[in-house]
Every structure is written in structure tokens, then in C-alpha cells.
Amino acid sequence: MPFKRPPDDETIDSPEQIRTLCSPMRHEIHQVVLSQGEASVREIAEQMGRKPASLYRHIDQLVEVGLLIEMGTKSTARRDAKVYSTKLEFMRYSPRKPEMTKALGEFTRSSLKDTGLKITKSIESGTAILPVPLRDTYIGSPAGWLDESELAELNEHIDAIIVLMANKPRKPDAKRMAISIGLYCASSLK
């Protein structure tokens with residue numbers, strides 16, 4: 001299924017929203033809700049392996065900046081639970097907006113630092129699978145000279161990864177996986 005870019009009203013374009021996602025906890029909450037479509041605090045906590053009480057403050061901040069939307073409630077055994085959703089997935093970048101550029105830089109540093117810590121923890125746990133064909137941990141920075149058609153192919157692969165990872169509920173026979181992708185034009189860094 002080809003990947004479709006979201007319309008403008010479904011794009012993160014506020015420095016405040018991006019800075020809110022600099023918290024690894026809030027970023028993970030946002031990603032869980034994005035992948036589930038709709039979720040209650042209990043469902044988010046279950047996906048993350050955390051206690052619901054540890055998430056409320058973060059969810060409130062995500063709602064406050066418009067990254068999560070309260071969709072209503074659903075009945076549970078104990079009480080009605082608020083349900084959250086989001087369609088905001090991609091960050092819009094404009095080099096003419098210095099505040100946005102700065103916020104994206106902060107998010108990039110935060111996200112990649114958190115990824116490094118989690119990969120290190122995975123390796124140190126002794127449970128990481130590094131060799132192919134079914135690795136669950138990968139570290140690397142492949143680089144190469146790509147022409148326009150190869151860059152288009154690379155973008156198709158990135159889009160395919162995003163589609164593959166989206167809307168995957170928890171299953172007993174599955175591992176919760178996360179991937180961080182950092183792509184940049186090294187030629188522009190001179």
C-alpha cells in the first residue's frame with residue numbers, strides 16, 4: 001500500500017508541539033496512540049509496560065498542545081475511561097522559521113539520545129539479537145552517494161517501514177519494536 005502524506009491539518013508544525021515531544025515518555029505515548037488509532041490511559045500504559053498513574057501528567061501536556069485529542073469515553077469494569085487519538089504524525093520544516101528549526105534540532109538530539117540509551121540497555125540485557133536474518137537490534141550509520149532516483153527509492157523504503165509499524169496492537173507472540181530513522185544530506189554539512 002503506498003504511503004500518503006497527511007494534509008496540512010494533520011501535520012505537527014508548532015515549535016511548542018515539537019518541544020513537548022522532546023520528552024521520551026511523551027514521545028512514546030504519542031507513538032502508541034498514533035499506532036493504535038484510539039487508546040485509553042490504561043491501554044497506553046499496557047503497551048508501554050508502565051503504570052497508568054505515571055502517564056496522566058504527560059497525557060495532559062500532549063492534550064494541552066494539541067498532539068492528543070480527547071475522543072470521549074468508553075465504559076470499563078471500574079469506570080468510564082477517557083479515550084485519546086491523534087492524526088499528527090509528521091513534522092513540517094521551514095528553514096525560514098528559526099524557532100521551528102531550533103525545536104527540530106532539540107527533538108532530534110533528544111530522540112537519538114533516547115534511542116542510544118535504549119539500544120545500549122537492550123544489548124546489556126543479553127537478550128538483543130544482532131545477527132541476521134531475524135535481528136531485533138541494529139546499530140549503524142550507512143552512508144553513500146545517492147542520485148535522485150536512488151533517494152526516491154530510499155524514501156519508499158522509509159515509507160514502507162512506517163506503514164509496516166503502524167496500527168500494530170499488542171499480540172502474545174510479538175515483540176514491541178521501535179525504530180529511529182535519521183536521514184540527512186551529508187553534502188550539505190560543509
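The values are calculated or read from the model by the stated rules, or taken from the named source; none is laboratory data. On a predicted model such as this, the values are computed, not experimentally measured, just so you know. Cβ atoms come from the backbone with ideal geometry, glycine included; neighbour counts cover every protein chain shown.
Within the stretch 35-44, the set of residues being more than 18 Å from Pro172 (Cβ to Cβ) and small (Gly, Ala, Ser) comprises Gly37, Ala39, Ser40. Would you check if there is a residue in the stretch 168-175 being at pLDDT 85 or above and either touching a Leu at 6+ places or on another chain (Cβ under 8 Å) or part of a helix (DSSP H, G or I) (or both)? No, the stretch 168-175 contains no residue that is at pLDDT 85 or above and either touching a Leu at 6+ places or on another chain (Cβ under 8 Å) or part of a helix (DSSP H, G or I) (or both). Here the stretch 176-190 is the region considered, the condition is being outside any helix (DSSP H, G or I) and over 19 Å from the mean Cα position of the chain (by Cα), and the residue that is farthest from Ser110 (Cα to Cα) is Lys190.
Quick check on Ile129: is it surrounded by 14 or more Cβ atoms within 10 Å (Cβ to Cβ), free of Cβ contacts under 8 Å to residues at least 60 places away in the same chain, more than 19 Å from Pro24 (Cα to Cα) and over 16 Å from the mean Cα position of the chain (by Cα)? Taking the combined requirement at face value, the residue does not satisfy it. Put simply, of Ser85, Ser23, Ser110, Ser40 the only residue that is farther than 20 Å from Val163 by Cα, small (Gly, Ala, Ser), touching a residue at least 40 places away in the same chain (Cβ under 8 Å) and touching a strand residue (DSSP E or B) at 6+ places or on another chain (Cβ under 8 Å) is Ser40. Taking the stretch 141-156 as the range and being assigned to a loop (DSSP other than H, G, I, E, B), within 20 Å of Ile179 (Cα to Cα) and free of Cβ contacts under 8 Å to residues at least 24 places away in the same chain as the test, the residues that pass are Ser141, Pro142.
Taking Glu106, is it over 12 Å from the mean Cα position of the chain (by Cα) and within 16 Å of Ser180 (Cα to Cα)?
Against the criterion (over 12 Å from the mean Cα position of the chain (by Cα) and within 16 Å of Ser180 (Cα to Cα)), Glu106 qualifies.
Residue by residue, here is whether (1) among the hydrophobic types (A, V, I, L, M, F, W, C); (2) touching a Lys or Arg at 6+ places or on another chain (Cβ under 6 Å); (3) over 30 Å from Glu38 (Cα atoms); (4) surrounded by 11 or more Cβ atoms within 10 Å (Cβ to Cβ) holds:
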position	(1), (2), (3), (4)
Pro133	no, no, yes, no
Glu148	no, no, yes, no
Ile158	yes, no, no, yes
Lys168	no, no, no, yes
Pro172	no, no, no, no
Gly182	no, no, no, no
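Can you tell me which residues in the stretch 170-185 are over 21 Å from Phe90 (Cα atoms) and touching a residue at least 24 places away in the same chain (Cβ under 8 Å)? Steps first, please.
Of the stretch 170-185, the ones over 21 Å from Phe90 (Cα atoms) are 170-176.
Of everything in the stretch 170-185, those that are over 21 Å from Phe90 (Cα atoms) and touching a residue at least 24 places away in the same chain (Cβ under 8 Å) turn out to be Arg170, Lys175, Arg176.
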